[in-house]
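Visitor: My questions all concern the structure below.
The values are calculated or read from the model by the stated rules, or taken from the named source; none is laboratory data. Just so we're clear, the structure is a prediction, and the values are computed from it rather than from any experiment. Neighbour counts run over all protein chains shown; Cβ positions are idealised from the backbone, glycine included. Remember, those area values only see protein heavy atoms, side chains included, never the ligands or the DNA or RNA. Shrake-Rupley method; radii C 1.70, N 1.55, O 1.52, S 1.80 Å.
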Amino acid sequence: MSWVYIKDFKDHVGEEVTVKGWLYNKRKSGKIRFLIVRDGTGYVQCVMVKVELPEEEWSKFSDLTQESSLEVTGKIRAEKRAPGGYELDVNHIRIVQIAQDYPITPKEHGVDFLLERRHLWLRSSRQHLIMQVRNEIIKATRDYFYDNGFILIDTPLITGSIGETASTLFETEYYDFGTAFLAQTGQLYLEAACMAHGRVYGFGPSFRAEKSKTRRHLSEYWHVEGEVAFCDNDENIDIQEDYVCYLVLRVLDRCRSQLEGLERDISKLENITKPFHRFSYDDTIKMLQEMGSDIKWGEDLGGDDETILTEKYNKPIFVINYPAQAKAFYMKRHPDNPELVLCSDLLAPEGYGEIIGASQREDDYDLLIKRIREENLPEEAYGWYLDLRKYGSVPHSGFGLGIERTVTWICGLHHIREAIPFPRMLYRLYP
Ligand code: 4AD
Ligand code: MG
């Protein structure tokens, strides 16, 4: 009998097929029994009619428990009232394994209970929808960069040079070299590669030992980073705007039913069109102070600041040119004001906050080494990085987008932990 995925039922109406999956739910009505089966691509209601089945088939209904694995053979029938539009009239059931006491039942569970069972929670319909949207965002990312002439460069995850700041590093012993770090960013290596290829991007995990519990932070997250030679901060912002619009359009185009299933307000996403807001850091601080924040000039925006600012706007906001003291060592100094750097953060609307960090890079050898020394970074680990400013240095810029922050925003989730299959956080290493 031919095995067909539920998503392909439309091409097999009237045929006898086999569905392989798990029992999601079951119910009875008179002399009819219903099995709701999921196979990873969808859900289908399988209909058992007593007068049409031998007793040995009929009795399997009572043996089957939630999440038991099974293969159901039957005929596909179009049924307007059924979710998905089809039902399966059952002829034969092969039980693969009977599940005992599946812990996640249709009743409400606390989030700690569910996180402890993340390996099973992934099967729940809402989690299933989120992972499908994540899949689309990642595929759209690869398509965007490929189609726009960016070369993929995979950067090392174990590194000797600190990419961002010493405060959130995971350390590990590395042979005879002493301490190495798990990468916080691939940026420094992408800067080297963009001098070879012009336009490059990286996509991989980044690690941050975030010692606070927030709804925006993971210890391990997936990081998309672009880097372009002969590109200034303004051109860099244009690329980010174009990329984020592309992501949202792709999800609207290919994952509309998933967004509906997640009860996402789709009109809010349809509103994500160019141009985004562009506010200077100075103006942003004034706005925040007027909104009641106690932020002072010179500080980075806190999570609460990002929330109150972006709740007010229905489009993403670029906050441009922060004070150097609030940002990483590699950012290029503003030519008219040495207190500022040429950089931007992109904040997602509806209270979601930062999804991209970006800047033009310091391309002057002397200024860069001065910044490395000011930050007390080990100079000897940056020889190769400084070389890039000795051998054909050019203006160049890049950015990094957090995939989970973006999934959280586009899906309209409350917390980042649902945006990654197996979250790593301050209080979680299991499963
Ligand atoms: O702003 P960040 O720290 O910038 C960089 O790492 C640059 N080197 C990027 C670049 O220019 N190539 O991080 C970039 C993005 C953030 O905007 C956020 O979306 C995400 O990475 N991010 C996190 N996501 C989840 N959990 C965390 N702990 C994150 N830290 C950063
Ligand atoms: Mg940042």
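Visitor: Treating only the Cα positions of the stretch 233-372 as identical point scatterers, give the base-10 log of I(q)/I(0) from the Debye formula at each q in 0.13, 0.14, 0.21 Å⁻¹.
Guide: After summing over all Cα pairs, the log10 values are -0.62, -0.70, -1.24.
Visitor: Using only the Cα atoms of the chain, build the gyration tensor, take square roots of its eigenvalues as a ≥ b ≥ c, and label the shape rounded, prolate or oblate: rounded if a/c is under 1.5, else prolate if a/b is larger than b/c, else oblate.
Guide: On the way: a/c = 2.43, a/b = 2.22, b/c = 1.10.
Here the chain falls in the prolate category.
Visitor: Which length gain, in nm to one decimal place, applies between L386 and S62 when the Cα-Cα distance is subtracted from 0.36 nm times their residue separation?
Guide: Values: separation 324, 0.36 × 324 = 116.64 nm, distance 7.03 nm.
Using 0.36 nm per residue and subtracting the Cα-Cα distance, I get 109.6 nm.
Visitor: Same structure, new question: Once the piece of chain linking D294 and V394 is laid out straight, how much longer is it, given 0.36 nm per residue of separation minus the C-alpha distance between them? List each step's numbers first, then the result.
Guide: Working: separation 100, 0.36 × 100 = 36.00 nm, distance 3.92 nm.
Working it through step by step, the gained length comes to 32.1 nm.
Visitor: So for the chain, averaging the separation of alpha carbon pairs under 8 Å that are six or more residues apart and normalising by length, what relative contact order in percent results?
Guide: On the way: 810 pairs, mean separation 58.4, N = 431.
Computed value for the chain: 14 percent relative contact order.
Visitor: Expected output is a single nm value to one decimal: the length gained when fully extending between D154 and H109, i.e. 0.36 nm times separation in residues minus the C-alpha distance. What is it? Before the final figure, lay out each step's value.
Guide: On the way: separation 45, 0.36 × 45 = 16.20 nm, distance 3.96 nm.
Contour length minus the Cα-Cα distance gives 12.2 nm.
Visitor: Would you mind computing, in nm to one decimal, how far apart the modelled labels at E270 and K31 are, each placed 7 Å from Cα along Cα→Cβ?
Guide: The answer from the label model is 4.9 nm.
Visitor: Could you sort out which of K50/K75; K286/K312; K10/K268; K286/K370; K213/K315; K10/K75 sit more than 24 Å apart by Cα distance in this structure? Let's see the in-between values first.
Guide: Working: K50/K75 16 Å; K286/K312 15 Å; K10/K268 32 Å; K286/K370 31 Å; K213/K315 27 Å; K10/K75 12 Å.
Going by Cα-Cα distance, K10/K268; K286/K370; K213/K315 fall outside the 24 Å limit.
Visitor: Excluding same-chain residues fewer than 8 positions from K60, which aspartates and glutamates have a Cα within less than 16 Å of its Cα?
Guide: Partners within reach: E52, E71, D89.
Visitor: For the stretch 2-97, calculate the relative contact order in percent as a whole number, restricting contacts to Cα pairs under 8 Å that are 6 or more residues apart. Walk me through the numbers before you get to the answer.
Guide: Numbers: 206 pairs, mean separation 28.6, N = 96.
Reported relative contact order: 30 percent.
Visitor: Then there's this: For the ranges 54-65, 242-253, what's the packing order if you count other beta-carbon atoms within 10 Å of each residue, average per peptide, and put the highest first? Intermediate results must be reported in sequence, preceding the final value.
Guide: Numbers: 54-65: 13.2, 242-253: 17.9.
Averaged packing, sorted descending, gives the order 242-253, 54-65.
Visitor: Follow-up question, since we're still on this one. With a 1.4 Å probe and all protein chains kept in place, how do R142, R27 rank by accessible area, largest first? Kindly include the intermediate steps, with their values, before the conclusion.
Guide: Details: R142 85, R27 115 Å².
Largest accessible area first, the residues go R27, R142.
Visitor: Calculate the FRET efficiency for L120 and K7 from the Cβ-Cβ distance with a Förster distance of 22 Å, rounded to the nearest 0.05.
Guide: Numbers: r = 23 Å, r/R0 = 1.02.
Computed FRET efficiency for L120 and K7 comes out at 0.45.
Visitor: Something else now. Rank T408, F203, I151 by how far each Cα sits towards the positive end of the charge dipole of the stretch 118-419 (+1 on Lys, Arg Cβ; -1 on Asp, Glu Cβ) and give me just the farthest.
Guide: Of the candidates, T408 comes out farthest on the positive side.
Visitor: A196 versus K315, label points 7 Å from Cα toward the beta carbon: distance in nm?
Guide: In this crude spin-label approximation the distance works out to 3.9 nm.
Visitor: Sticking with this one: How would you order 186-192, 406-412 from highest to lowest mean count of nearby Cβ atoms within 10 Å? It would help to have the intermediate numbers written out before the result.
Guide: Details: 186-192: 22.6, 406-412: 24.7.
Ranking, from highest mean packing down: 406-412, 186-192.
Visitor: Packing-wise, with mean Cβ within 10 Å as the measure, how do 285-292, 217-224, 352-359 rank, highest first?
Guide: 352-359, 217-224, 285-292
Visitor: Any idea what the relative contact order of the stretch 283-349 is, in percent, if you count C-alpha pairs under 8 Å spaced at least 6 apart?
Guide: Details: 88 pairs, mean separation 20.9, N = 67.
Contact order relative to length: 31 percent.
Visitor: Between L249 and M131, what is the spin-label point distance in nm, taking each point 7 Å from the Cα along the Cα→C-beta axis?
Guide: Between L249 and M131, the label points sit 3.0 nm apart.
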